[in-house]
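Notes for the one structure printed next.
The values are calculated or read from the model by the stated rules, or taken from the named source; none is laboratory data. In this text, all values refer to a predicted model and were calculated from it rather than measured experimentally. Please note: Cβ atoms are built from the backbone with ideal geometry, for glycine as well, and neighbour counts cover all protein chains shown.
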Amino acid sequence: MRYKPTMRSTRGNNIVSFDMKKEFLGLTIGFVFSLFITLITIDRASAEKIIEFYGGFQTSPHSVVDGEFPVASEIIEKRRFNAGWKGKSFVMPPYYGLRFTSWRKNVGWGLDFTHSKAYLEEKTKAEVGFELLEFTDGLNNLTFHRQEKYYQAQWGSELYYGLGLGVIVPHVEVQVESFSPKTYEYQFGGPSVAFNSGVMAPWGERKYIFSEYKFTASWLNVDLTGGGSMKTLLLTNALNVGLGFQF
C-alpha cells in the first residue's frame, strides 16, 4: 500500500529518532570505552592480557524484514517480506574480528568487534523489487564479553566458551528502485548478543592459534533517507580461525 505522509510529520519523526539514537550511541561508546580502560589498568600484575585477530566463513539465515521504504519523492511504501541473505565472507571488505580479553585464571572479560556482513539474495531482491539492500561494510557488532576456559588437555590446548552483549553500528545500504532515495551511511542499529565456543592451542612463545564457532543476533532498526525505516532480526553463524597474542 502506498501513501503520502506529510513532510512535517515524517521529517519530525526522523529527527527525533536520529537524535535519540545518536545520544544512545554516544552513551554506549562512552560506557564501552570506560570498561576498556578499567580492564587494561586494574590488577595489571595478576591479569593476563590477550589480543586476538580472526577471520572465517560467515553465513546469515532468512529473516523477516518489516519497514516503510521511500520509493519516490514523498511516496513511502509499507513492505513486509521474508529475506534470504548471503554472508560473502571473502568478498571485500571481508569478514573479520578483533577481540581483547583480560584473563584471571580461567575467566576473562573484554571487548569483541566483529565485522559481519549481510547481502540480500538475488532471488529475494527480484521477488520484492529492490535495487539494493545490504550491509557490505559491516553490521559491526561491538560487544562486552565474558570468556571461560573449562577444559585443558595434556598437550596444552584448552576449550572455552563466551557470551557477549553490545550494539551494532551497521553501514546501511538501501534503495528500492534505481530512481528512489538511497540510504548509504553508518547508523546506530540496535542491540546485539553473541556466543562463541572453541579450542585454543599454544603456538610459540606468548602466542596461540584458535578455532571457534560464533553466533550473533542483532535487532536492527534503522532510518532511511527520504523517510521511513526498516526493522529485522539478523542472525549470523561463523566458523572462525585466528591468532592470539599475550602481553
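Find the strands (runs of 3 or more DSSP E) located wholly in the range 137-247 whose residues include 3 or more that are of a type outside the set (Val, Ile, Thr), in contact (Cβ under 8 Å) with a residue 60 or more places away in the chain and on the phi < 0 side of the Ramachandran plot, and list them. It comes to 141-152, 207-223, 229-246.
Sort out which residues of the range 167-200 are small (Gly, Ala, Ser) and either under 26 Å from GLY129 (Cβ atoms) or at pLDDT below 95 (or both), and write them in order of number.
Going through the range 167-200, the residues small (Gly, Ala, Ser) turn out to be 178, 180, 189-190, 192, 194, 197-198.
SER178, SER180, GLY189, GLY190, listed by residue number.
Residues that are among the hydrophobic types (A, V, I, L, M, F, W, C) and touching a Pro at 6+ places or on another chain (Cβ under 9 Å) within the range 76-113 comprise ILE76, TRP85, listed in sequence order. The residue pairs whose first member lies in the range 94-117 and is closer than 18 Å to GLU48 by Cβ, whose second member is among the acidic types (Asp, Glu) and surrounded by 23 or more Cβ atoms within 10 Å (Cβ to Cβ), and whose beta carbons are closer than 7 Å, counting only pairs six or more residues apart or on different chains, are ARG99/ASP112. For the range 144-161, a residue qualifies if it is over 15 Å from SER211 (Cβ atoms) and among the acidic types (Asp, Glu), and exactly one does: GLU148. Could you please find all residues in the range 172-218 being farther than 23 Å from GLU77 by Cβ and among the small types (Gly, Ala, Ser)? SER192, ALA194, SER197, GLY198, ALA201, GLY204, SER211, ALA217, SER218 - these are the residues of the range 172-218 that are farther than 23 Å from GLU77 by Cβ and among the small types (Gly, Ala, Ser). Total residues in the range 182-202 satisfying the condition of being more than 15 Å from the chain's Cα centre (by Cα), surrounded by 20 or more Cβ atoms within 10 Å (Cβ to Cβ) and farther than 30 Å from GLN154 by Cβ: the figure is 1. Only one of the numbered conditions (1) over 14 Å from the mean Cα position of the chain (by Cα); (2) free of Cβ contacts under 8 Å to residues at least 40 places away in the same chain is not met by GLY56, and that is (2).
The condition of being surrounded by fewer than 21 Cβ atoms within 10 Å (Cβ to Cβ) and without any contact (Cβ under 8 Å) to a residue 40 or more places away in the chain holds for only one of PHE81, PHE90, that being PHE90.
Yes or no, residue by residue, for (1) farther than 27 Å from THR225 by Cβ; (2) among the polar types (S, T, N, Q):
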{"residue": "ARG79", "(1), (2)": "no, no"}
{"residue": "ARG99", "(1), (2)": "yes, no"}
{"residue": "LEU111", "(1), (2)": "yes, no"}
{"residue": "SER116", "(1), (2)": "no, yes"}
{"residue": "TYR161", "(1), (2)": "yes, no"}
{"residue": "TYR184", "(1), (2)": "no, no"}
{"residue": "SER192", "(1), (2)": "no, yes"}
